[in-house]
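To start, the structure itself, in structure tokens.
All of the numbers you see were taken from the coordinates with simple rules; none came from a lab. Note that the structure is predicted; figures quoted are calculated from it, not measured. Methodologically, a virtual Cβ is constructed for each residue, glycine included, from the backbone with ideal geometry; neighbour enumeration extends over all protein chains shown.
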Amino acid sequence: MNTLLVVDAANVVGSVPDGWWRDRRGAAERLRDRLAGYAAAGSPALFAGAPEVVLVVEGKARGVAPVPGVRVEEASGSGDDEIVEVVAGREPGRRCVVVTADRELRERVTALGAEVTGPSAVTT
């Protein structure tokens, strides 16, 4: 069973001062496209093999289409709540890595058995 990689789009996009605030959806699409590479090839630093990638978007980043290898979940409310739902809904025993720097979200998902890593894991 491959690793589930859940990415907090708002938090990751916001960690790079590249003008993302002018086009949140475009920034989320650029992140999605980078993540497609992880879905295809994996990342030795995070996991062996190709993961299932879920990008969680919210607010002005809604409307980002999925691409092969990257499922996009649109949060109807809080992106953090959507991420917790994705983590809680995974198959029992499946490894899950959440990418975020949000301290409260990190606590919520680790309580569900997920691992966490910071935005630099997918932005550098």
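One table, with the values for the structure above:
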{"item": "Among T123, G89, G113 - extreme Cα towards positive end, dipole of the chain, charges at beta-carbon", "result": "T123"}
{"item": "Stretchable slack from V16 to R30, in nm (0.36 nm times residue separation minus alpha-carbon distance)", "result": "3.8 nm"}
{"item": "Derived scalar couplings ³J(HN,Hα) [the range 55-70; Karplus, 6.51 cos²θ - 1.76 cosθ + 1.60; whole Hz; x for Gly, Pro]", "result": "9, 9, 10, 8, x, 6, 8, 4, x, 6, 7, x, 10, x, x, 10"}
{"item": "HN-Hα J in Hz across the range 100-109 - Karplus 6.51, -1.76, 1.60, θ = phi - 60°, x for Gly and Pro", "result": "6, 10, 5, 4, 5, 5, 4, 5, 5, 7"}
{"item": "Whole-Å semi-axes of the chain's equivalent ellipsoid (Cα gyration tensor)", "result": "20, 16, 13"}
{"item": "Stretch gain in nm, segment E91-E107, where the contour uses 0.36 nm per residue and the Cα spacing is subtracted", "result": "3.8 nm"}
{"item": "Helix-only CD estimate at 222 nm, as mean residue ellipticity for the chain, using -39500 (n - 2.57) per DSSP H run (n ≥ 4)", "result": "-10000 deg cm²/dmol"}
{"item": "Amide H contacts under 5 Å for V98, placed H, 5+ residues apart", "result": "V6, E115, V116, T117"}
